[in-house]
1. So who's got an amide H within less than 5 Å of the one on I123, skipping anything under 5 residues away but keeping other chains? H placed 1.01 Å off N, in plane.
2. For I98, what residues show an amide H to amide H distance below 5 Å, using hydrogens built from the backbone and excluding near sequence neighbours?
3. Just read off the accessible area of R202 with the full protein assembly in place, 1.4 Å probe, to the nearest 10 Å².
4. Tabulate in residue order the Karplus-calculated ³J(HN,Hα) for the range 102-118, using 6.51 cos²θ - 1.76 cosθ + 1.60 with θ = phi - 60°, rounded to whole Hz; enter x for Gly and Pro.
5. Roughly how many nanometres apart are two label points built 7 Å out from the Cα toward the Cβ at K117 and N156?
6. Return the long-range amide H neighbours of C86 (sequence gap of 5 or more, or a different chain), with a cut-off of under 5 Å between placed amide H atoms.
7. Tell me the per residue accessible area of the range 64-112 using a 1.4 Å probe; a whole number in Å² is fine.
8. If DNA, RNA and ligands are ignored and the probe is 1.4 Å, what is the ranking of K115, K153 by accessible area, most exposed first?
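The values are calculated or read from the model by the stated rules, or taken from the named source; none is laboratory data. Values in this document were obtained by computation on a predicted structure and should not be read as measured data. Here the Cβ positions follow ideal geometry from the backbone for every residue, glycine too, while neighbour counts run over all protein chains shown. We work out accessible area using only protein heavy atoms, side chains counted, and drop any ligands, DNA or RNA first. Shrake-Rupley method; radii C 1.70, N 1.55, O 1.52, S 1.80 Å.
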Amino acid sequence: MNGVNMKCLVNSRFERWWVVTHLNPGKIWQRMLGFNLFVWAAVAFCILGCVASSPTRTQPLNIETVLVLPFTMATQHYEIGTTVRCFECDVMVQTGTIEVGADEFMNRKLIAFFKGKTPYTPIPLWKVEGISSKNLSQSIRGSDRRLLVQMGKNLNADAVISGTIYRFQQRVGNQISMNTPASVAFAMELIRVADGRVIWNRAFDQTQSSLDKDLFKIDTFLKRGVKWLTAEELAASGLNETMASFPLPSR
């Protein structure tokens, strides 16, 4: 081996050794970590970009007629003051006293909503010929969804809506002075007959409180009027709030 080659060999080995001994391991680790983070960030950006760019396809509702079942009352099956799991929405609700006629009030309000704010044709079950309204809600409560779907098929309905009143307590006092505020809790669900799927459900559970105790509800407080509501007024407001998300046909 000549001198030139030996020099190159020694120099190249020396340079590599110098690089290894003089580089800071911490800086190498930081550079590797930064590079890995950059790669993962690029991958995540591509994935999110693909997801964001893909259009959201909503399944057609294919609903024209809705079988409206009368509201049932939880107090027919549970004691007052019992915390139960909501059948329609799978949330915990406390039962309470229910004013006489609360179910009829809610039935009327729900039918009025369908006629005034949806394109659907409601079929009130309690008005169907040949079906007695006596003890109708008692027989419906606790029925599984397969029975409700079968009822919808028998009456040529595209969907079935049912609901339960868990609490409908009247206020004690007047609009200005209040001893006990109104308290209302109810839940509803909409089942499509074609496939038996629950395509919408909502629960309302509220006891009216003064504005100074709940400043976050100032918008709702002003919409309802600066007054203490009756149970009917609170229930009507709650029905409008819950039905605001009711599915409508896509245009």
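1. Amide H neighbours of I123: V66, L67, V68.
2. F168
3. 100
4. Result, ordered by residue: 4, 5, 5, 4, 5, 4, 5, 5, 5, 5, 4, 5, 4, 6, x, 10, 9 Hz.
5. A separation of 2.9 nm, rounded to one decimal place.
6. Here V91, M92, V93 satisfy the definition.
7. 50
8. In descending accessible area the options line up as K115, K153.
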